[in-house]
Each structure stands twice: as C-alpha cells, then as structure tokens.
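Chemist: Handing you this structure, nothing more for now.
The values are calculated or read from the model by the stated rules, or taken from the named source; none is laboratory data. Since we're looking at a predicted model, the values are computed, not measured. Here the Cβ positions follow ideal geometry from the backbone for every residue, glycine too, while neighbour counts run over all protein chains shown. Heavy atoms of the whole protein, side chains included, go into the accessibility calculation; ligands, DNA and RNA do not. Shrake-Rupley method; radii C 1.70, N 1.55, O 1.52, S 1.80 Å.
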Amino acid sequence: MDATSSAFPENSRRALADERLQEALHRLADGFPARRREAVDRLPEFDQLRAQARAVKDHVLENLDSYLERFAAKVEEAGGHVHWCRDALEARQTVLRICRDAGARTVTKSKSMVGEEIAINEHLEAHGIEPVETDLGEYIIQLRREAPSHLIAPAIHLSKDQVTETFKAAHGEFPVGRRLDEPRAMLDEARTVLRKRFVEADVGITGANMIIAETGTAVVVTNEGNADLTMTLPKVHIAITGIEKVVPTLDDAVTVLRLLARSATGQDVTVYTTFATGPRRDDDVDGPDAFHVVLLDNGRSALMESDFRDILRCIRCGACLNHCPVYSAVGGHAYGWVYSGPMGSVLNPGLVGIEEAHHLPNASTFCGACEEVCPVGIPLPKMLRHWRERAFRARAVGATGRAGMRAWAFLALRPRLYRAVTGAVMAVLGALGRRRGRFRRLPLAGGWTVARDLAAPQGPTFISQWAQRRRERS
Amino acid sequence: MSTAREQILGNLRKALGRGHLSPDREAQLDARLSASGGAVIPARGRVEGQARITAFCDEAARVGTTVARVPSSAAAPAAVADYLAEHDLAADIRLAPDPFLADLPWSEQAALSTSAGPARPTDTVSVTTATAAAETGTLVLASGPESPTTLNFLPDTHIAVLLAETIVGAYEATWSAVRAADGPLPRVVNWITGPSRTADIEQTLLIGIHGPRRQHIVLIDGQDT
Ligand code: SF4
C-alpha cells in the first residue's frame, strides 16, 4: 500500500465533513469500549494477565533472534517451510513464487494486516493470480477497492446502504431486483458467493496473530471461520506474519489470548482460535499438503533500538483505536497507511519513515486513554513524543513551526527571561482583551484562531501567582 | 534465503547490542520452553467436578452454543435426531470416522442416515467428538485421521459429542489431551466457542457467516457404563 500519511491534515478535513463516516464512527465509539469494559469486569485477573503478557513479550524481544530460530526449526521439523523476508518486496516475491509453484489461479485470503503492509493483493493481481478476501469486511472493501480503516473492523467506515450498492454491482449472478436492504440478506449472499471461492481456491493465505517457538505453530483467530476454510481446503497454506509475533510456549500464547478478544471486541475469546502446525500428516484425510510461514522484518528490527522497541509488543487488538478521540473523529483512512490510531501513529513512522508520516505523532490529544487500555502496556504517548522530536530533527516540521519552537526553546532554557517575557505578554493581552474577555484573531496564530477564540488572561502568570503565594505563606 | 535470514538475525543482535546468545542463556531458554505453569490462571478456569460442568454449560450458552445433556453415550443418537427434528434440519449426517462414534446405536434412529469421512461441500450436518475447556465454554478438537478438520467448518450445523469427564477447567489443561508425549502437535488444534459470527455490517451482530450457523453439543454426563 502506498502511504499518503503526509496528507493527514487534508484527509482529516475530508473525514470530518463526511456524514456517513461520522455516523459509522459514532457506532464504533458506542460499541467497543463498553463491551471491553464489561469483559474486563468479568475477569478479575485481567490486570495480572496484562502484567504477565507484557513480561512475556519483553522477554521475547530480548531474545528475539533465538526464539525465531527455534520457531523456524520446529516448523521444519513438522514438515513446513519458513521464508525470511527483509522487506515488503521480498515478501511479495516469495508469496508469488509459492503460488506459481502451486499452479495457483485463485487464492483465498483471510484478513492480514501484514498482507496489507506488503500489498500482496495488488502484486498477485498484477501477475494474473486472483486474490479473494474472505473476511466479510475485507471482502466488501476489496470489492470497493478501499483499504481497511480499522485493525479488526476493516469496513467500519461503511454504511449498510453502501454494502448493498457494492454487492448489487459485484454479484451479477443474482437477480437485479432482489431485496438486499437487511444485513442478514447481505450476509447470506456473501456466504453463498464466498463458499464457492473457498472450494475452488488453490492456495490459502492467512496472517498469524502469534507464532509459537515451542511447537512451530501459527495461531490464527477469527469470528467468522474464514481463516479455517482458507487454510484447510486449498493444497497450500501460507501464513504471513511479522517477526515480532513469536511467543515462547503454548501457555504463553494462552496468556495473550486471554487478553486479545476481551480488549478487541469485548468477547471472552474469539469464536475460532486455531493452532496450525505443519502440513497434512500421512494419515490425515484433509488439510493442505504444504505449510509455509513468511516472516517479515520490513523495518521491525530497526525499531528494536531503544526508543520504539515497546511498540513491538503490540498484539493488534485495536483497543487504542477504539478509545482514541482523534481516531474516533477522523477514522482510519486519514492516517494514510495500513495502521491507524495511536499504534499506527507510532508504528507507521517506523515502517514508512518519519518524513512521510511526520503528521501522525501530532494526531494525539495526549489524553493517555490508549496507554490505559493497552493490554500489553505500551507507552504510546511517550513514543509519540519521541517521534515528534525525531520529526523536528529530520526537518519534517515546516519553517514557521521550527522557528516558533526554537524561539520557545530559547526562552524555556532561560527562566528569568521566560518569566519576564510571559509576564509582559500576559499583561498586554490582559489589557487588550479586557473588554471582550477573548480574542477572535491573533497575529502569528491565525491557524489556531480560525476555529476557536483565545480567552484573555485574567491576571498575572501562573509562575508569578505561585511565587506570590509562597511569599505570603512564609 | 539464508542471506535474508542471517541479515535479519544480525540486525536484531545489533539492535540488542550483543552477538549470539551464550550457551548458558540458550540453556535458560530451553528450560523456559520445557517448563509449564507459573502462569496466572483465572479463578473461573480453576473449578472442579460438577461445578466445572455447570460452568462450561453456562459459558457455552452465553456464546450461543446449545447443549443437550444425556445420561449415556447410547442416548446420543436419539439426542442428535431430536435436535435435527426440532430445527427442521435434514437428517443426513456426516460422522467423523471415529470408532467411538461408529459404535453408537445410530441404526436405532430410523430418521437418520449416516456416512463417515471428511466433510464434502454438500454435507449439511456433521457430528464429531470433542473435549472442552470450561473457562469460556470452548470446544477443543485436534485434527487426525479420526477427526477431519473440514467437519468443523463446512457443514451448516456442527454437533459435538462431548464426554463430561473430558471437560477441563483452564485452557492450559487442554494441551495434554491433544499432545502426544513428545511428538509434534496435531496439524491443527481448533478451539470453537459458539457459532460463526460477524459484525462487519454496521456493527450488527449476525450468526453464520462462513463456519457453522449452529453449534450444538450432546453432553454425555458421566453416568455411562
Ligand atoms: S498498541 Fe496496545 S491497544 Fe493498541 S492495538 Fe497494540 S496492543 Fe492493542
């Protein structure tokens, strides 16, 4: 997927003016957080599990090289293949090669964010292989040629009328005048269409929510059962995943699973949780003949360097999106690349570069809700601040912004001068604004006052009031 | 590909500020991999006896799995026939090729016709065995010659025959049932918690998108001889 993160301001403006999108975002904000709360309240050990999951993930990252090698050895022991891919291009080529070797014409796919990251669908299409998304939400947006707008609810931005239009345009095999206004009817139609595709497919591509070093297993969770049909019916199963997804043992995977669905949708566990290890065994009567795992780096090993390592604990639950006031206002597409919300604002600059993504670290009110709900305790606000610093250093911030920050830094480093200047500014603003109590427009802050007024200062600065009070007390 | 592998691993080691792990450290990781336990196991996974069976049934009901309790395995075919009749479903069932299921008195149910093997796209009802975890009302099925995976996903209705004594409390306890002593895991272990569902259209919860529309359990409640 090509990044358009540098257009975040324009993207957001468009999103805020889009009524259908705003309605959809309200539905999201009403639904997920309340259901998560309920699920967490039903599990008194939730915080203990969080601490444990965090410790597991930190332990893995400390020893990531060894755990990946152990995982690869176990996959091979079970008769599978592991493909190490440094970047998106290498991963695309690997998947294409496996599909070609299998003589594939169609490929079913279950939702995979890494698949989006490497733009695998476009690549397969360009080489004459048809990829068919099977998660209902992904299927809808594939027909519309859109990108997912949420980690776990990819079509969250659409209304049911839009789905009706999309299905009517795409499913020529059904009568034109059929009724298709209820979600139930749409679901039945999608089930019929996709069932055929499942059975025909030559290769099935899934993501992996985790991979397990102890056993060489890929863990895949869904509510629909589409990943299971994707990996069971074709001759070949390819699981594509990031190198940070490894956990040591089956029991460690269980710890993460106890947090994942609760944080994501507020379910205790997803309907289907699948542990896939290797290809069909000699005496099996179904299942794929070949099992491949594509391990993608694509900038992750670089993130291991101190400041951003914590984001590699992310289990892609989406809770930080669901609780973010900025995500809830503009939706996922505004972020301009695969990942959105707070985790996207931290991860995308690492994967596509801070120059492209320099707006994203600013897409935050620093309210801290994301860190509070994150099941693996990722300090998202702190990392957004680190990215802001890097954006500044990388000169991704415009000239006026840089000059302003330099001026502020100059003052902030000189406390006496700072007090003198702020005191004078307060006095002047206070005097000028005495009559109306607020300013409609300010020089040098035109952008800020377009949509709001600045209250006029009511007295001396905080610092001088504080000093005054201490003098009075003593 | 070995160059990509070496480069990725090399980058990780560089970022971690070290070379290969020391043999001592590797041995510690070996020990961690073979140790079990030490984990936080929720209280709801630590129930015993009859309370565990009740907890399992309650959790299953919460996610829309239906449960029929019968006293003995001999009563299972009748329970399957009743369920199908009650829901007006065709009585052609596809059985897992499992000797336990094969031994049940299916022929006493005149309405049922049975065959055994992996699911074909035309099969509408499957019957398999399963074990379970009470923690979340979750069925556990491991693939194998007697337990084809397609039966769990292709038919519209999946019925699992479950012996009450095989229900464990927490997820951790399910591994010993599916794992050979030291061999690899079965090709697939499926945890199934309710019928297939989606909320992808306007967040409306709907049942039966790709997997079974109905998830039913015939629970044999320990009184069997
Ligand atoms: S950062 Fe935390 S809350 Fe956000 S998706 Fe990742 S794990 Fe979930």
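Chemist: Answer yes if at least one residue in the stretch B:17-26 is open to solvent by 30 Å² or more (accessible area, probe 1.4 Å), within 14 Å of chain A (Cβ to nearest Cβ), touching a Lys or Arg at 6+ places or on another chain (Cβ under 9 Å) and not hydroxyl-bearing (Ser, Thr, Tyr), and no otherwise.
Modeler: yes
Chemist: Of the conditions (1) touching a helix residue (DSSP H, G or I) at 6+ places or on another chain (Cβ under 9 Å); (2) buried (at least 18 other Cβ atoms within 10 Å of the Cβ), residue A:24 fails just one. Which one is it?
Modeler: (1)
Chemist: Pick from A:298, A:226: which is away from the ligand (no atom under 16 Å from the Cβ), at the interface with another protein chain (Cβ under 8 Å from one of its Cβ atoms) and either of a type in the set (A, V, I, L, M, F, W, C) or touching a residue at least 12 places away in the same chain (Cβ under 8 Å) (or both)?
Modeler: A:226
Chemist: Could I ask something else about it? Does any residue in the stretch A:307-325 that is closer than 12 Å to residue A:372 by Cα come within less than 6 Å, Cβ to Cβ, of a residue that is assigned to a loop (DSSP other than H, G, I, E, B) and near the ligand (Cβ under 7 Å from one of its atoms) six or more places away or on a different chain, and which pairs are these?
Modeler: Here the result reads A:320/A:374, each pair linking the stretch A:307-325 to a residue that is assigned to a loop (DSSP other than H, G, I, E, B) and near the ligand (Cβ under 7 Å from one of its atoms).
Chemist: If only one of A:199, A:221 is within 11 Å of chain B (Cβ to nearest Cβ), open to solvent by 10 Å² or more (accessible area, probe 1.4 Å) and in a strand (DSSP E or B), which one is it?
Modeler: Within the list A:199, A:221, the selection yields A:221.
Chemist: Looking at (1) within 16 Å of the ligand (Cβ to nearest atom); (2) open to solvent by 80 Å² or more (accessible area, probe 1.4 Å); (3) of a type outside the set (Lys, Arg), which is the only condition residue A:384 fails?
Modeler: Here residue A:384 clears every test but (2).
Chemist: Taking the stretch B:121-136 on its own, how many of its residues are over 12 Å from the mean Cα position of the chain (by Cα), within 13 Å of chain A (Cβ to nearest Cβ) and part of a strand (DSSP E or B)?
Modeler: Number satisfying all stated conditions: 1.
Chemist: Now, a different point. Being more than 28 Å from residue A:229 (Cβ to Cβ), surrounded by fewer than 19 Cβ atoms within 10 Å (Cβ to Cβ) and of a type in the set (D, E, K, R) is the filter here, so list the residues in the stretch A:279-308 that pass it.
Modeler: A:305, A:307
Chemist: Which numbered condition in (1) in a helix (DSSP H, G or I); (2) within 14 Å of another protein chain (Cβ to nearest Cβ); (3) of a type in the set (Val, Ile, Thr); (4) more than 10 Å from the ligand (Cβ to nearest atom) is the only one that residue A:311 fails?
Modeler: Status for residue A:311: all satisfied but (4).
Chemist: Looking at (1) within 10 Å of another protein chain (Cβ to nearest Cβ); (2) touching a helix residue (DSSP H, G or I) at 6+ places or on another chain (Cβ under 8 Å), find the lone condition where residue B:147 falls short.
Modeler: Every listed condition holds for residue B:147 apart from (2).
Chemist: Follow-up. Could you count how many residues in the stretch A:242-274 are away from the ligand (no atom under 14 Å from the Cβ), in contact (Cβ under 8 Å) with a residue 12 or more places away in the chain and under 29 Å from residue B:213 (Cβ atoms)?
Modeler: Going through the stretch A:242-274 one residue at a time, the tally reaches 9.
Chemist: Taking the stretch B:199-215 as the region of interest, how many residues are under 13 Å from residue A:271 (Cα atoms), open to solvent by 10 Å² or more (accessible area, probe 1.4 Å) and among the β-branched types (Val, Ile, Thr)?
Modeler: Of the residues in that region, 1 qualify.
Chemist: Spot the failing condition for residue A:243; the list is (1) more than 10 Å from chain B (Cβ to nearest Cβ); (2) open to solvent by less than 10 Å² (accessible area, probe 1.4 Å); (3) over 26 Å from residue A:331 (Cα atoms), and only one is missed.
Modeler: Of the numbered conditions (1) more than 10 Å from chain B (Cβ to nearest Cβ); (2) open to solvent by less than 10 Å² (accessible area, probe 1.4 Å); (3) over 26 Å from residue A:331 (Cα atoms), the odd one out for residue A:243 is (1).
Chemist: Give the residue, chosen from A:241, A:270, A:274, that is part of a loop (DSSP other than H, G, I, E, B) and either at pLDDT 95 or above or within 21 Å of residue B:146 (Cα to Cα) (or both).
Modeler: Checking each option against the conditions leaves just A:270.
Chemist: If I filter the stretch A:359-378 for residues that are in a helix (DSSP H, G or I), farther than 23 Å from residue A:40 by Cβ and within 16 Å of the ligand (Cβ to nearest atom), do I get at least one hit?
Modeler: Yes - at least one qualifying residue is present in the stretch A:359-378.
Chemist: When the stretch A:11-21 is examined, which residues are found to be open to solvent by less than 90 Å² (accessible area, probe 1.4 Å) and more than 14 Å from chain B (Cβ to nearest Cβ)?
Modeler: Passing the criteria: A:11, A:12, A:15, A:17, A:18.
Chemist: Continuing with the same structure: Among the numbered criteria (1) open to solvent by less than 10 Å² (accessible area, probe 1.4 Å); (2) in a strand (DSSP E or B); (3) farther than 20 Å from residue A:232 by Cα, which one does residue B:139 miss?
Modeler: (3)
Chemist: Determine if the stretch A:336-352 includes at least one residue that is away from the ligand (no atom under 14 Å from the Cβ), in a loop (DSSP other than H, G, I, E, B), touching a Lys or Arg at 6+ places or on another chain (Cβ under 8 Å) and among the hydrophobic types (A, V, I, L, M, F, W, C).
Modeler: Scanning the stretch A:336-352 turns up no residue that is away from the ligand (no atom under 14 Å from the Cβ), in a loop (DSSP other than H, G, I, E, B), touching a Lys or Arg at 6+ places or on another chain (Cβ under 8 Å) and among the hydrophobic types (A, V, I, L, M, F, W, C).
Chemist: Still on this structure, I have one more. Taking the condition more than 14 Å from the ligand (Cβ to nearest atom), among the basic types (Lys, Arg) and open to solvent by 40 Å² or more (accessible area, probe 1.4 Å), does residue A:390 pass?
Modeler: The answer is yes for residue A:390.
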